[in-house]
1. Above 43 Å lies some portion of the pair distances; for the protein assembly as shown, what is it as a whole percent of all C-alpha pairs?
2. Name the residues of segment B:168-191, by number, that are at least 50 Å² less accessible with every protein chain in place than in the isolated chain; the surface is that of heavy atoms, probe 1.4 Å, without ligands or nucleic acids.
3. Does segment A:439-480 come out rounded, prolate or oblate, given a ≥ b ≥ c as the square roots of the eigenvalues of its C-alpha gyration tensor, rounded meaning a/c under 1.5 and, failing that, prolate meaning a/b above b/c?
4. Over all Cα pairs of chain A, how is the pair count split among 10 Å bins, expressed in % and running from 0 up to the last occupied bin?
5. At a Cα cut-off below 16 Å, give the lysines reachable from B:Lys212, other chains included and same-chain residues fewer than 8 away excluded.
6. Across segment B:136-151, in residue order, what do the Karplus-derived ³J(HN,Hα) couplings come to in whole Hz, using 6.51 cos²θ - 1.76 cosθ + 1.60 with θ = phi - 60° and x for Gly and Pro?
7. What is the Cα convex hull volume of segment B:193-293 when expressed per residue in Å³?
8. How many nm separate the modelled label positions at B:Ala106 and B:Leu13, each set 7 Å beyond the Cα in the direction of the Cβ?
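The values are calculated or read from the model by the stated rules, or taken from the named source; none is laboratory data. This is a predicted model, so every value here is computed, not measured. Don't worry about glycine lacking a Cβ; one is built from the backbone with ideal geometry, like all the others, and counts go over all protein chains shown. In case anyone asks, the SASA skips ligands and DNA or RNA and just uses the protein heavy atoms, side chains included. Shrake-Rupley method; radii C 1.70, N 1.55, O 1.52, S 1.80 Å.
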Amino acid sequence: MAENRQATPVPRGPGADPRSYERPKSFTASLSRLLKYLDKSKVLVALVLVLLFLSSASMLAGSYFLKPLINQYIIPGDFAGLAGALLGLGCIYLVGVAASYLQSRLTIRLAQRTTNIIRAELFDKMQALPLKFFDTNTHGELMSRYTNDVDNVQLMLEQSLTQLVSSVLTFGGSIVMMIILSPLLFAFTALVLVLMIFMSSRIGGKSRTYFQKQQALLGQLNGNIEEAIGGLKEVKVFNHEEAMKKDFDKINENFRGAATKANFYAGVIMPIMGNLNNIVYAGTAVFGGMLTIAGRFDIGSLAAFLQYSRQVGMPINQITSQINNILAAVAGAERIFDVMDREPEIDEGDVTLLAVKKNAVGDLVPVEKDDKAKLWTWRVPIDGGKNGETELVPLRGDVRFENVCFSYDGKKTVLKNLSLHALPGQTIAFVGSTGAGKTTITNLLNRFYDVDSGRITYDGIDVRRIRKDDLRHSLGMVLQDTHLFTGSVMENIRYGRLDATDEECVTTARAASASSFIERLPEGYDTVISGDGANLSQGQRQLLAIARDYVASPPVLILDEATSSIDTRTEHLIARGMDALFEGRTAFVIAHRLSTVRRANAIAVLEHGEIIELGSHESLLEKKGRYYELCMGVRELD
Amino acid sequence: MKLFLGKYKKHILVCVGLMMGDVTCTMLMPMLMAKIVDIGVATKDVAYISRMGMGMVALALLCIAIGMLNAKFSAEASQGFAANLRKALFNKIQAFSFSNIDRFSAPSLVTRLTSDVTQLQNTLLMCLRMLLRAPLMLIAAIIFAVSINARLSLVIVVAIPLLVIGIILVLRTAERLFSAMQRKIDALNGTVQENLVAIRVVKAFVREAHEKSKFKKSNDELTQSAINAGNLISMMMPLMMFVMNGAMIAVIWAGGKMVHAGGMGTGALISFISYLMEILLSVMMFSMVFILFARAEACGKRIVEVLDTKIDISDRALLPSKEKRALVSKGRIEFRNVDFKYSTEAMAHNVLSCINLTIEPGEFVAIVGGTGSGKTSLVSLIPRLYDVMAGQVLVDDVDVRDYRIENLRSGVGMVLQKNVLFSGSIRENLLWGDGNASEEEVAEAARNAQADDFVRSFPEGYATELGQGGVNVSGGQKQRLCIARAILKKPAILILDDSTSAVDTATETKIRAAFAQKLKGTTILMIAQRISSVRDADKIVVLDEGKIVGIGTHEDLFSNNAIYRDICVSQQEGLSA
C-alpha cells in the first residue's frame, strides 16, 4: 500500500552529496560518545523508537491486510464484513500516520536540541583554548567544524538514524511476513535480493572512488576561483586575463570529467535497484500464480506478497546510503571532539584584582568596580592561601622582565635572556627588525604564551601567579590588525568597557580623533559596521581601536604598531590625546615609525631577541649605535 | 540559461525520450501482472503465466538499460551545463572593471561561481532524472487506470487536487521558514568567524563570557527556527499518507464491489491500486518541483545579475584603427579638470575635484596627503581602472579612453597598495610582467627592486613555490617582488601606491637609486607616507580632500605650503639632511 514511506520531503539528488564518503577513525568510541548527548533525553529516544516501530508495523500490517480483505471479504462478497475490515484498515493507517508524524516532530526537536548543545559546547571550549591553538589552525579549518561537521551530525540525528532504523524494520519485517506467507516463494525472492545487495555495494564502491576524485578537484577548482577573484585587480593591471581564463578552463574541464563519472555511478543505482525489484515482482507474480494454480496458494496471499516484494527493495538502498551518512557524521564528530578535548589555557593564578578605596580611617576597603575614586590593587594570598589571608599590593604598573627566554616552537629561540625594568608611568618603546621579538614580549606580558625560563613580574608579583582574566583586565592592548565586530560604532567602542555610557564613548572618540570621521558616517555612532570593519579604511579602524582602548582605561598599555596605517599628520593630531592616555600609565609601544617612538622615556632596540641598546632618544642618538643608524635610514629594519 | 546547454541540448531530448520509454515499461508491468492473476490463474494456464512473466522480466531489463543510458546522458548534460556556465561567468568576471568588482564583493562572486552554479546543476540533474518522470508517470498512470476502470478513476479526481493544495500550502510556508533559518545560520557562522579572527581582542579584553552569551543567543535562535521549519515539513508525510490511504480504502470498497459483481478482475483491482499509488506519488514529486525551482530561481537570478552587468570600462567600439594601435611610449601624463567619485559611495561629495596636473616624461613625481585625500583614486585613473566623471586624463597626449585597454595597460605599470601574489613559483609570478622575459631580465628586475638577494637566499631561488596569496614571504619581501613584477613590464609609466610601506628606509633608498639609474626614461609616480621617500622627487603633489593644494619641490613646499610643512614636522623632517 504505502510504498514510498521513506521518501524524504525535500529530495536530495541521488548520491549528490559528496561529503558522505569519509570514514571515522574509531567508529564505536566516537559514536557512543556522540550518543551520550542523548542521555538526558532517554525518554524521548525511547518514545521515538516506539513510534518508529509503530509506524513500520502499521505499514507491514496494512500490506498483510490485503490477504484477508481479498480472500474473506471481496471474493466471497461479504460487504458488511468488508466495511468493518476497511474500518479496521483505516485505523491501522491512522495509527501509522499519527506515529510517523509524532516521531518526526520528536526527532527534529531532539536532533536540534542536541546539535544546539554540541555547538555551544564546542564554542565554549574553544574560547578557553590558548592562543597557540588559533595561531596553528587556519580559520577555514575551524569554521568547517561549525558548518560541515556540525551539519553532518545534525543530519545524522535528524534523518539518518531514524531512517536507518525504519528501513531495517521495514526490510526485516517484510522478509518475515513473506516467509510467513510462503517460504517457497520467499526462497526465490531471496536469491534476487542477494543479487541486489551485491550490486548496491559494488556500484556504491565505484561511486565513492569517483566522488573522492571529484572532491579533490573541487578543492582545486574553488581554490583557483578564490585566487582569481581575490586578485582580480592585479589581473587587470597586468593584462593577465587571457592566461587566467586558460588556467581556469583546464581545471574546469578536469572537474567536469570527474564529476560526470561520479554522477553517472550515483545515478545508475536507482534504475538498477528499482528494476531488480521489479524482477522480484515479476517472478513473484509468475511463481505465485503457478502455486495458486497448484492450489498451494491463494490470491489474497499473492496480493499481500506482491505488496511486500514491492516494499523490500527500497530499504536496501536506503540502508547503504544512510550508513554512509552516519559514517561521515561520526567522522565529523571526531573532529569536533578533537577540538573539545584540547587542553584549555592553564590558569593556576591565585592573585586577583581588587578595586579599593581609602576609607575615613585610612584603610583600604573594597568598592564597586565603577567607583570613580577607586584604586586598583592586587589581592595576593599569603602562604598559598592556607588561612585565607591576603595582602593587598597596589597596582602601579611596575613591570620587570628577568632573564626571559622564549621560543614558540621549541626550536627557534625568539627571546634570549631578556631583561628590562619599566617603572610605573614610563613609556617604553621597542624597535627592531621583524622577528626580533617585539610582539612576543607583549604576548608574554599578556600571558597569551608563557615564558620558557626566567620570569616576568608585575608590581613584584610573578605574572604566572596572577589569574589571566585579572591580568588582562589590567592591560590594554591595541594591535596592528585591528579587529572590530559586526555592530554599531558605539557598540564597538563600548567593547572596551561594557558599562561605559554613550557620553563616555563619544568623549573618548573625540580624544582619539575618531569623532570627525564617525560623525560623517551615514548614521554617525549608530552606523553598523560589517564584520572586520570592511567599510572603513585601515586608518579609521585603528582610530576606533584606540578609542576602544581609551574607554577601557587600563593601568598598563600595550600598543603594537597601533598607528602604522594612520598617516603622520593624523597621528600628530591624536598624539596629544595619546599623551593624555599615557599620562600616569605604564606603556609599551612597538613601532616601525620612528616618529611614534621618539617620545618614549626609554627606547629598547631589539635584535634577535636581545636588547642591544636601551636609553632615551637623545642618549641613543649620541651613542651613534644601532638606533642612530635606524634613524638615519642607513640600516634595514625589515 | 538555455544557451549554456550548448551541445548538450540533444542530451535533453534523449533523456526525455528515454524517460518516456521507462515510464511506458514501468506502467506496463502492473498490467501484465493483472493479466497473470485474472487470466492465467483463473484459467490455470501455466504457459501463459510464464509468458507474461518473461515479458515482465524483459521489460525490467529494458528499464535497466534505459536507466543506465539516462544516467549517462543526464550526468553529461548537467555537468556540461555547469562547466559552460562556470566558464561564462569566469570570463565575464575577468572582463569586469574595478567599479564592477566593487559592486559585487569578492566573496559574493566566489559564491556565485561555486555554490550557485552547483545548485543550478543539481536542479537540472534532478529534472532529468526524477522530475521528468513525474508528469510522464502521472499521465501514463492516469491512462492506464482509466483504461482499467473509468468509474473507479473518479477517486483520482478527488484525491489529486486535495494532495496538490495541501503540498503547495506546506511548501510555500516552508520556503519562508527555510529562508529565515538560512539567515540565522549565516548570523551564527558570522559570529564564529569573527571570534576566530579577533580572538586576541576577545582574550585581551576578557570578553569570553560576553562572546559566549552572544553565541548562545544566536544558537538558540537558530535551533528554534530550525525546529519550526522541520515541524512544518513533518506535516508532509501525514498529509500524503492521509490522502493516499484514504484513496486506497475508497478504491478497495468500490473496487471490491465491482470485483464481486464480476465487472472487474481481482488482478485488475490489484494493479489499479498500483497505478493509484503511482499517480499520487507522481503528484507529490511534481509539487516538489516548486520548491526546487524556487531555490534554483534565486540562484539563477544571482548568476544572471553577473552575466548581465554592463562592463563600464571597455574599448570604445568606434576607435579609429590607427588609435587602436597606439602604444604608450613617452610617458607624458596630463589631468585636465578632472572630477571623480566612486559610483558605489553613498557620500555625496567627489573624491577628486578640479584636478589639473601635467607630468613630463621621465619625471619622478611624488603624491602625498592625508588618509582618504584621494591619492590612490588619482593614480587609478591613469591606466583607466576607473573612468572620470568630468574632465580628461591624457597619456602621451591621447585621452585614455581612446586607447585599446590592453595597450594602455601594457604601457602603465602599477604596484597596488594591497599586494597579491599567486600560487606558483616566484619566477611565474614575476613573469606576469612579461611572459617572454629571459632569466637575465627577470633577475635584473629583481635586483633593481632589491629582491634578488633574498630570493637567492631561498633554497630553491626563483623556483620557490608561493602558497595561495604568497604566504611564505614577509610583507616587505612581498612588496619588493611586486615592484620587480611591475618593473619587468618595462612600462613607460610606473605607479607605486604606498608600495614601500613595509620596506625600511635604507632599502627603499636603494630602490630609488636603482630607479634613477636604470629606469631613467620611465615616468615614476610614487604615493608615499614617508617624506624621506619623496624628498628627491622632481615634483611633489600635495592632495587634501580631493584637491591639489600644492605642487613643487620639497624645499619649495616646505617654505610655502602649510599642509606640507605640517606633514614634515609630524615626521620631524626638516630642511637639513
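1. Tail of the P(r) past 43 Å holds 54 percent of the pairs.
2. Residues shielded by partner chains are B:Asn189.
3. oblate
4. 3, 11, 16, 17, 15, 12, 10, 8, 5, 3, 1, 0, 0
5. In chain and number order, the partners are A:Lys125, B:Lys203.
6. Each residue of segment B:136-151 in turn: 5, 4, 4, 4, 4, 4, 4, 4, 5, 4, 4, 5, 6, 7, 5, 5 Hz.
7. Hull volume over Cα atoms, normalised by residue count, gives 123 Å³.
8. Simple spin-label model gives 4.6 nm for this pair.
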